[in-house]
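Each remark here refers to the structure printed beneath this line.
The values are calculated or read from the model by the stated rules, or taken from the named source; none is laboratory data. As the structure is a computational prediction, the values presented were derived from the model and not from experiment. Heads up, the Cβs are rebuilt from the backbone with ideal geometry, glycines too, and the neighbour counts pull from every protein chain shown.
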Amino acid sequence: MKKVCVLLAEGFEEVEALTICDIIRRTGMVCDLVSMKEKEVKSSHGVIIKSDKIFDKSMEYDLVALPGGMPGAINLRDDNRVIEFINKHHKLGKLIGAICAAPIVLGKAELTTGRKVTSYPGFEEELEGCIYKEDNVVVDGNIITSRGPATTMAFAYTLIEKLGYDKVDDLAKSMLYK
């Protein structure tokens, strides 16, 4: 069974984190909300979420998802444990997803050079050497990026498709997405 980790830092965008988690759990895959510090994490809009786990660098997942939000994306970017964690997963060829402002984490990890990526408008300067796209969801190898809260469902469906879920259209229809 595939396992997914959604990293939560103080100030994360709740629509992005929870929608990703919800859609992945609907497939029957494991999706852990993983806090970088304490069990409870406050979102960018003051919603307090109880995480499933607290970060441990030895964790292994098939996909690491990074929600945006401010200052959540900055908190992820500035945490060297996160950079090590996603670089480890990247070297193993595992999937990494980042939405909204969170692609800045990929920029700091030097995973954007020569890659097609997208982000929330205004963060392009932190995506070193990338081929910037304005598409809602951009896939380049094992890196999947998306623009922001309104694109979260398309992003989550792309994530489950890349994880090998073969009933994406059925799930999207059952949720009235299609």
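Values as computed for the structure displayed
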read-out: Enumeration of residues in region 47-84 that are within 13 Å of residue 98 (Cα to Cα) and not in a helix (DSSP H, G or I); value: 63, 64, 65, 66, 67, 68, 69
read-out: Identity of the residue in region 128-141, at pLDDT 95 or above and in contact with a helix residue (DSSP H, G or I) (Cβ under 7 Å, 6 or more places away or on another chain), that ends up surrounded by the most Cβ atoms within 10 Å (Cβ to Cβ); value: 137
read-out: Helices (runs of 4 or more DSSP H) (entirely within region 100-178) containing at least 1 residues that are of a type in the set (S, T, N, Q) and in contact with a strand residue (DSSP E or B) (Cβ under 7 Å, 6 or more places away or on another chain); value: 152-162
read-out: Qualifying residue in region 103-114 (condition: surrounded by fewer than 24 Cβ atoms within 10 Å (Cβ to Cβ), hydrophobic (A, V, I, L, M, F, W, C), out of contact with any Phe, Trp or Tyr (no Cβ under 6 Å at 6 or more places or on another chain) and touching a residue at least 24 places away in the same chain (Cβ under 8 Å)); value: yes
read-out: Filtered residue count, region 29-46, keeping only those that are assigned to a loop (DSSP other than H, G, I, E, B) and hydrophobic (A, V, I, L, M, F, W, C); value: 2
read-out: Residue check for residue 160: surrounded by 14 or more Cβ atoms within 10 Å (Cβ to Cβ) and farther than 25 Å from residue 77 by Cβ; value: yes
read-out: Selection count where residues are charged (D, E, K, R) and touching a Cys at 6+ places or on another chain (Cβ under 8 Å), scope region 94-123; value: 2
